[in-house]
1. Which residue pairs have Cβ atoms under 6 Å apart, sit 6 or more places apart or on different chains, and have a first residue in the stretch 105-133 that is farther than 15 Å from Gln224 by Cα and a second that is of a type in the set (Gly, Ala, Ser) and assigned to a helix (DSSP H, G or I)?
2. Of (1) surrounded by fewer than 20 Cβ atoms within 10 Å (Cβ to Cβ); (2) within 17 Å of the chain's Cα centre (by Cα), Ile111 satisfies all except one. Which?
3. Show me the helices (runs of 4 or more DSSP H) found entirely inside the stretch 111-209 where at least 2 residues are at pLDDT 80 or above.
4. Kindly indicate the residue of the stretch 38-78 that is part of a helix (DSSP H, G or I) and more than 17 Å from the chain's Cα centre (by Cα) and also farthest from Glu222 (Cα to Cα) among those meeting that condition.
5. Within the stretch 80-108, how many residues are crowded, with 20+ Cβ neighbours inside 10 Å and in a helix (DSSP H, G or I)?
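The values are calculated or read from the model by the stated rules, or taken from the named source; none is laboratory data. All values reported here derive from a predicted model rather than from experimental measurement. No Cβ is skipped: glycine too gets one built from the backbone with ideal geometry, and neighbour counts run over all protein chains shown.
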Amino acid sequence: MKQEKIVEIFNSISSSYDLVNRVVSFGIDKKWREIAIDEVLKLHKPNKILDIACGTGDMIEIWQKKSKATICGVDPSKGMLEVAKKRFENVKFYEAYATDIPVEDECADTISISFGIRNVVEIEKAIKEFNRVLSKNGIVVVLEFTKSKNKLRKFVDFYTNNILPKIGGMISKHEDAYEYLAKSIENFYTAEELISLFEKQNFKLKTLKSLNFSQVSLIILEKQD
(Lines give C-alpha, C1' and ligand atoms only; values in the text may rest on other atoms or scores of the structure.)
Protein backbone atom coordinates (compact mmCIF):
# COMPACT_ATOMS: atom_id res chain seq x y z
CA MET A 1 0.00 0.00 0.00
CA LYS A 2 1.25 3.49 -0.83
CA GLN A 3 2.36 5.72 2.03
CA GLU A 4 -0.15 8.43 1.12
CA LYS A 5 -3.03 5.94 1.33
CA ILE A 6 -1.92 4.84 4.80
CA VAL A 7 -1.89 8.48 5.93
CA GLU A 8 -5.45 8.87 4.57
CA ILE A 9 -6.53 5.89 6.69
CA PHE A 10 -5.21 7.53 9.84
CA ASN A 11 -6.80 10.84 8.93
CA SER A 12 -10.16 9.07 8.64
CA ILE A 13 -10.00 7.56 12.15
CA SER A 14 -8.19 10.35 14.00
CA SER A 15 -11.21 11.64 15.94
CA SER A 16 -12.00 8.22 17.43
CA TYR A 17 -8.50 6.73 17.47
CA ASP A 18 -7.81 7.12 21.19
CA LEU A 19 -11.18 5.71 22.22
CA VAL A 20 -10.80 2.68 19.96
CA ASN A 21 -7.30 2.02 21.28
CA ARG A 22 -8.49 2.03 24.89
CA VAL A 23 -11.41 -0.28 24.11
CA VAL A 24 -9.71 -2.86 21.88
CA SER A 25 -6.56 -3.11 24.01
CA PHE A 26 -8.46 -2.92 27.33
CA GLY A 27 -6.15 -0.02 28.18
CA ILE A 28 -3.02 -2.19 28.23
CA ASP A 29 -1.40 -0.23 25.40
CA LYS A 30 -0.62 2.55 27.90
CA LYS A 31 1.13 0.04 30.14
CA TRP A 32 3.25 -1.14 27.22
CA ARG A 33 4.34 2.45 26.55
CA GLU A 34 5.24 2.94 30.21
CA ILE A 35 7.36 -0.21 30.19
CA ALA A 36 9.16 0.99 27.05
CA ILE A 37 10.00 4.37 28.53
CA ASP A 38 11.10 2.85 31.84
CA GLU A 39 13.52 0.61 29.94
CA VAL A 40 14.99 3.63 28.14
CA LEU A 41 15.44 5.47 31.42
CA LYS A 42 17.49 2.54 32.74
CA LEU A 43 19.99 3.21 29.95
CA HIS A 44 20.23 7.00 29.83
CA LYS A 45 18.60 10.31 30.69
CA PRO A 46 17.04 11.88 27.58
CA ASN A 47 17.45 15.60 26.91
CA LYS A 48 15.83 15.92 23.46
CA ILE A 49 13.24 13.38 22.32
CA LEU A 50 11.69 12.99 18.89
CA ASP A 51 8.50 10.93 19.03
CA ILE A 52 8.06 9.62 15.50
CA ALA A 53 4.61 8.61 14.20
CA CYS A 54 3.38 10.31 17.36
CA GLY A 55 -0.28 10.10 16.39
CA THR A 56 -2.45 11.80 18.97
CA GLY A 57 0.36 11.90 21.52
CA ASP A 58 -0.05 8.89 23.81
CA MET A 59 3.72 8.35 24.03
CA ILE A 60 4.33 12.07 24.55
CA GLU A 61 1.97 12.05 27.53
CA ILE A 62 4.03 9.38 29.28
CA TRP A 63 7.36 10.96 28.33
CA GLN A 64 6.20 14.17 30.00
CA LYS A 65 5.33 12.31 33.19
CA LYS A 66 8.60 10.41 33.40
CA SER A 67 11.16 12.81 31.88
CA LYS A 68 12.05 16.50 31.89
CA ALA A 69 13.38 16.30 28.33
CA THR A 70 12.27 18.53 25.47
CA ILE A 71 9.86 16.52 23.31
CA CYS A 72 8.85 17.04 19.68
CA GLY A 73 6.24 15.03 17.83
CA VAL A 74 6.45 13.96 14.18
CA ASP A 75 3.58 12.49 12.16
CA PRO A 76 2.38 12.69 8.54
CA SER A 77 -1.31 12.62 9.48
CA LYS A 78 -2.83 16.08 9.74
CA GLY A 79 -5.88 14.65 11.50
CA MET A 80 -3.82 12.93 14.18
CA LEU A 81 -1.73 16.04 14.77
CA GLU A 82 -4.83 18.21 15.18
CA VAL A 83 -5.82 16.03 18.13
CA ALA A 84 -2.27 15.99 19.54
CA LYS A 85 -1.90 19.77 19.35
CA LYS A 86 -5.05 20.23 21.42
CA ARG A 87 -3.70 17.84 24.06
CA PHE A 88 -0.19 19.33 24.21
CA GLU A 89 -0.17 23.05 23.48
CA ASN A 90 3.49 23.48 24.51
CA VAL A 91 4.89 20.66 22.36
CA LYS A 92 6.30 21.36 18.90
CA PHE A 93 4.90 19.14 16.17
CA TYR A 94 6.09 18.46 12.63
CA GLU A 95 3.75 17.18 9.93
CA ALA A 96 6.27 14.94 8.22
CA TYR A 97 7.15 11.39 7.24
CA ALA A 98 9.60 9.28 9.23
CA THR A 99 11.75 9.18 6.10
CA ASP A 100 12.11 12.96 5.95
CA ILE A 101 12.24 14.53 9.41
CA PRO A 102 12.60 18.34 9.17
CA VAL A 103 15.28 18.77 11.85
CA GLU A 104 19.04 19.25 11.87
CA ASP A 105 21.62 16.44 11.98
CA GLU A 106 22.32 14.96 15.42
CA CYS A 107 19.77 17.19 17.12
CA ALA A 108 18.18 14.56 19.39
CA ASP A 109 19.51 11.94 21.80
CA THR A 110 16.35 9.80 21.84
CA ILE A 111 13.81 8.64 19.27
CA SER A 112 10.64 6.78 20.15
CA ILE A 113 8.26 5.17 17.69
CA SER A 114 5.37 3.19 19.11
CA PHE A 115 3.05 1.15 16.90
CA GLY A 116 4.09 3.24 13.93
CA ILE A 117 7.06 1.69 12.20
CA ARG A 118 4.99 -1.02 10.52
CA ASN A 119 3.05 1.78 8.79
CA VAL A 120 6.23 3.17 7.25
CA VAL A 121 6.54 1.85 3.69
CA GLU A 122 10.25 2.66 3.32
CA ILE A 123 11.48 1.38 6.67
CA GLU A 124 15.16 1.21 5.79
CA LYS A 125 15.07 4.81 4.58
CA ALA A 126 13.43 5.82 7.87
CA ILE A 127 16.09 4.02 9.91
CA LYS A 128 18.78 5.86 7.95
CA GLU A 129 17.00 9.10 8.80
CA PHE A 130 16.91 8.12 12.49
CA ASN A 131 20.68 7.69 12.32
CA ARG A 132 21.04 11.16 10.81
CA VAL A 133 19.02 13.04 13.43
CA LEU A 134 20.40 11.14 16.45
CA SER A 135 23.52 12.27 18.27
CA LYS A 136 26.38 9.85 19.02
CA ASN A 137 25.20 7.00 21.26
CA GLY A 138 21.61 8.14 20.77
CA ILE A 139 18.81 5.73 21.61
CA VAL A 140 15.92 4.46 19.50
CA VAL A 141 13.04 2.73 21.26
CA VAL A 142 10.61 0.78 19.08
CA LEU A 143 7.34 -0.62 20.39
CA GLU A 144 5.56 -2.64 17.74
CA PHE A 145 3.35 -5.60 16.88
CA THR A 146 5.63 -8.25 15.36
CA LYS A 147 5.28 -11.77 14.02
CA SER A 148 6.20 -14.67 16.30
CA LYS A 149 6.07 -18.47 16.43
CA ASN A 150 4.76 -18.43 20.01
CA LYS A 151 1.97 -21.02 20.08
CA LEU A 152 -0.21 -18.85 22.32
CA ARG A 153 -0.22 -16.18 19.63
CA LYS A 154 -3.05 -17.95 17.78
CA PHE A 155 -5.55 -16.78 20.41
CA VAL A 156 -4.23 -13.21 20.35
CA ASP A 157 -4.14 -13.23 16.54
CA PHE A 158 -7.72 -14.49 16.31
CA TYR A 159 -8.85 -11.50 18.37
CA THR A 160 -6.73 -9.09 16.33
CA ASN A 161 -7.86 -10.39 12.94
CA ASN A 162 -11.54 -11.11 13.62
CA ILE A 163 -12.80 -9.10 16.57
CA LEU A 164 -10.66 -5.95 16.64
CA PRO A 165 -11.78 -4.74 13.17
CA LYS A 166 -15.43 -5.19 14.14
CA ILE A 167 -15.08 -3.19 17.37
CA GLY A 168 -12.95 -0.54 15.71
CA GLY A 169 -15.42 -0.31 12.86
CA MET A 170 -18.41 0.10 15.17
CA ILE A 171 -16.80 2.96 17.07
CA SER A 172 -15.03 4.73 14.20
CA LYS A 173 -17.43 3.85 11.35
CA HIS A 174 -14.33 2.86 9.36
CA GLU A 175 -14.05 -0.93 9.63
CA ASP A 176 -11.84 -1.03 6.53
CA ALA A 177 -9.22 1.03 8.38
CA TYR A 178 -9.03 -1.50 11.21
CA GLU A 179 -8.98 -4.39 8.76
CA TYR A 180 -5.87 -2.77 7.25
CA LEU A 181 -4.29 -2.38 10.70
CA ALA A 182 -4.88 -6.06 11.48
CA LYS A 183 -3.37 -7.14 8.14
CA SER A 184 -0.40 -4.83 8.64
CA ILE A 185 0.50 -6.81 11.78
CA GLU A 186 0.14 -10.14 9.98
CA ASN A 187 2.41 -8.97 7.16
CA PHE A 188 5.10 -7.35 9.31
CA TYR A 189 8.56 -8.51 10.39
CA THR A 190 9.60 -10.62 13.32
CA ALA A 191 11.50 -8.74 16.04
CA GLU A 192 14.74 -10.32 14.85
CA GLU A 193 14.17 -9.23 11.25
CA LEU A 194 13.43 -5.67 12.36
CA ILE A 195 16.54 -5.57 14.55
CA SER A 196 18.60 -6.73 11.57
CA LEU A 197 17.42 -3.75 9.53
CA PHE A 198 18.62 -1.41 12.29
CA GLU A 199 21.94 -3.19 12.63
CA LYS A 200 22.61 -2.62 8.93
CA GLN A 201 22.31 1.12 9.63
CA ASN A 202 24.89 1.12 12.46
CA PHE A 203 22.62 0.51 15.44
CA LYS A 204 23.40 -1.93 18.24
CA LEU A 205 20.72 -3.83 20.15
CA LYS A 206 20.54 -2.93 23.85
CA THR A 207 17.18 -4.36 24.96
CA LEU A 208 14.64 -6.82 23.55
CA LYS A 209 11.48 -7.74 25.42
CA SER A 210 8.37 -9.59 24.32
CA LEU A 211 4.98 -8.51 25.64
CA ASN A 212 1.48 -9.99 25.46
CA PHE A 213 2.42 -13.54 24.39
CA SER A 214 5.02 -12.17 21.94
CA GLN A 215 2.45 -10.03 20.12
CA VAL A 216 4.37 -6.87 20.96
CA SER A 217 8.13 -6.37 20.81
CA LEU A 218 10.01 -3.72 22.78
CA ILE A 219 13.30 -3.01 21.04
CA ILE A 220 15.91 -0.51 22.20
CA LEU A 221 18.95 0.23 20.06
CA GLU A 222 21.94 2.54 20.34
CA LYS A 223 23.54 4.49 17.51
CA GLN A 224 27.18 3.53 17.09
CA ASP A 225 30.11 5.74 16.02
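1. Arg118/Ser184; Val120/Ala126
2. (1)
3. 123-133, 191-199
4. Looking at residues that are part of a helix (DSSP H, G or I) and more than 17 Å from the chain's Cα centre (by Cα), I get Lys65.
5. Final tally of qualifying residues: 3.
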